1. Could you list, in sequence order, the residues of the range 174-192 that are in a helix (DSSP H, G or I) and either at pLDDT below 95 or surrounded by 12 or more Cβ atoms within 10 Å (Cβ to Cβ) (or both)?
2. Picking from 198, 169, which residue would you name as being within 30 Å of residue 79 (Cβ to Cβ), touching a helix residue (DSSP H, G or I) at 6+ places or on another chain (Cβ under 6 Å) and in contact (Cβ under 8 Å) with a residue 24 or more places away in the chain?
């Protein structure tokens, strides 16, 4: 017969505490894995109303983006690429065409209100000239430049001043032919030397 039935409650408690305090033979205390409560991993499928609401929201955002008011930057040409060191040292003081355009936009922002209003008309006029071809554009450019230059006491503008105002135009290839056509239309009058070179121009019909 076992001695366990004759042990009182204090002996039982002392025996249990003594056993629980003893380390295992390996020298490590066994760990008890705590199992997590089971989770419901089933996700409810979206309802028909949720799918319809998401589709309507996407369609609304697409339409809103299509009719979004364009930003100012959306209407401007892209920024010019950086110039290389070799291009920068080609000619001292030279300004690339795209950089001149960027400076123009900045100057318009800085200009007084009357010049800003005038820039709108000048830009529209230049666009029309571009559509008419190179000759019409050259004539309009020269005509506009003369209209914005202060003449001398006799009403003439020295050709050298006009060339300085329009340095990008070839003298014999573009400037002189444009002046000749303007003279034929009665818009300007030209004077020159005996060698045939032009010296002065008189604006008869301002732009």
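The values are calculated or read from the model by the stated rules, or taken from the named source; none is laboratory data. Only a predicted model underlies this, so the values are computations on that prediction, with no experimental measurement involved. Cβ sites come from the backbone with ideal geometry, for glycine too, and all protein chains shown count toward neighbours.
1. Going through the range 174-192, the residues in a helix (DSSP H, G or I) turn out to be 174-184.
174, 175, 176, 177, 178, 179, 180, 181, 182, 183 - these are the residues of the range 174-192 that are in a helix (DSSP H, G or I) and either at pLDDT below 95 or surrounded by 12 or more Cβ atoms within 10 Å (Cβ to Cβ) (or both).
2. Values: 198 fails: within 30 Å of residue 79 (Cβ to Cβ).
Just a single option satisfies the conditions, and that option is 169.
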